[in-house]
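Remarks on the structure that follows.
The values are calculated or read from the model by the stated rules, or taken from the named source; none is laboratory data. These figures come from a predicted structure and were not determined experimentally. So basically every Cβ, Gly included, is an ideal-geometry build from the backbone, and we count neighbours across all protein chains shown.
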Amino acid sequence: MGLEIYRGESRLYEVPLEPSLFRQYRAGKFGTNVPLSALEKSMIEEFKRQSFSSFKTQHSIPNNPLEWFTLAQHYGLPTRLIDWTTNPMVALYFAIEKNDDEDGYIYFNSNIEIFEYESADSIVFEKGEMLINGRPYNPHQYTILSNSSYDINDDSIYHEEIIFHRPKYIDERYSNQCTVLACPGSRDVAFSKFDRERIIIPSIIKPTLRRYLNKIGINSAFIYPGLSGITANITKNFSDEYLAMPLSERHKMKDLFD
């Protein structure tokens, strides 16, 4: 059996489950004259150039393009990667984190095989296509690269040239979020299969669910470790406590301080 994975989105996007790079490119944020593959390559190369001074040791430098994409994604650069989690409570948090005037969504799938990218001799991206060990990636390579034996006709395992991998949990954020990253082999690969399995979170209960998650320690301070997460959590808690008050209690608070 493979992993169960989940993803929360706080609203219904025009194209659900779309990597940030593809979504922003489609919206014309980078213009329309530059091919997506060239844009992606240029952005990653620039990220490499400017980030080298941040690495303290040779060991901490990413070893292959997939690791570079992972690091860039972690620090907010638009990439072809898309974040999932093995913790459904984390997915619920992302589904209710913001956009309180819109319903949230949790997408999920089971029996996902994790790609052990360390076992591949080489991973490169050429003209936007993923090449593993010099060959275009295809779903049947799960069997070769993970040394597992599955029915190649089982489409719950093979997802149209999408690989799922775990980043190195050297960062507390990845560890807390139980992150699994999905990487499509090219822009033409969609996550449409995952639309079939989803849970809708009504907008009206988002503040209440945030309060309950906070009680079990799933909040912005946990999801985004550091001072920025702590301050965001304090602000959100006070806001949610107020929204949860009956109107009569709100009026009493107002009268108390007027």
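What the table below lists for this structure:
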item	result
Residues within the range 77-92 that are within 11 Å of the chain's Cα centre (by Cα), closer than 27 Å to Leu209 by Cα and not in a helix (DSSP H, G or I), tallied	4
Test: residue in the range 28-46 that is of a type in the set (Ser, Thr, Tyr) and touching a residue at least 60 places away in the same chain (Cβ under 8 Å)	yes
Lys206 basic (Lys, Arg) and loosely packed, with under 14 Cβ neighbours inside 10 Å	no
Selection within the range 28-66 - part of a loop (DSSP other than H, G, I, E, B) and of a type in the set (A, V, I, L, M)	Val34, Ile61
So Tyr13, is it under 25 Å from Asp100 (Cα atoms) and surrounded by 15 or more Cβ atoms within 10 Å (Cβ to Cβ)	no
Residue within the range 56-64 that is touching a residue at least 24 places away in the same chain (Cβ under 8 Å), closer than 21 Å to Glu161 by Cα and surrounded by fewer than 19 Cβ atoms within 10 Å (Cβ to Cβ) present	yes
Residue tally, condition modelled with pLDDT of 85 or more and either of a type in the set (Ser, Thr, Tyr) or over 15 Å from the mean Cα position of the chain (by Cα) (or both), over the range 60-76	2
Conditions (1) under 20 Å from the mean Cα position of the chain (by Cα); (2) assigned to a helix (DSSP H, G or I); (3) modelled with pLDDT of 90 or more; (4) not basic (Lys, Arg); number of the one not met by Tyr6	(2)
Qualifying residue in the range 100-114 (condition: more than 30 Å from Ile216 (Cα to Cα), part of a loop (DSSP other than H, G, I, E, B) and out of contact with any Lys or Arg (no Cβ under 7 Å at 6 or more places or on another chain))	no
Among residues of the range 64-83, those that are touching a Leu at 6+ places or on another chain (Cβ under 7 Å) and of a type outside the set (Ser, Thr, Tyr), counted	7
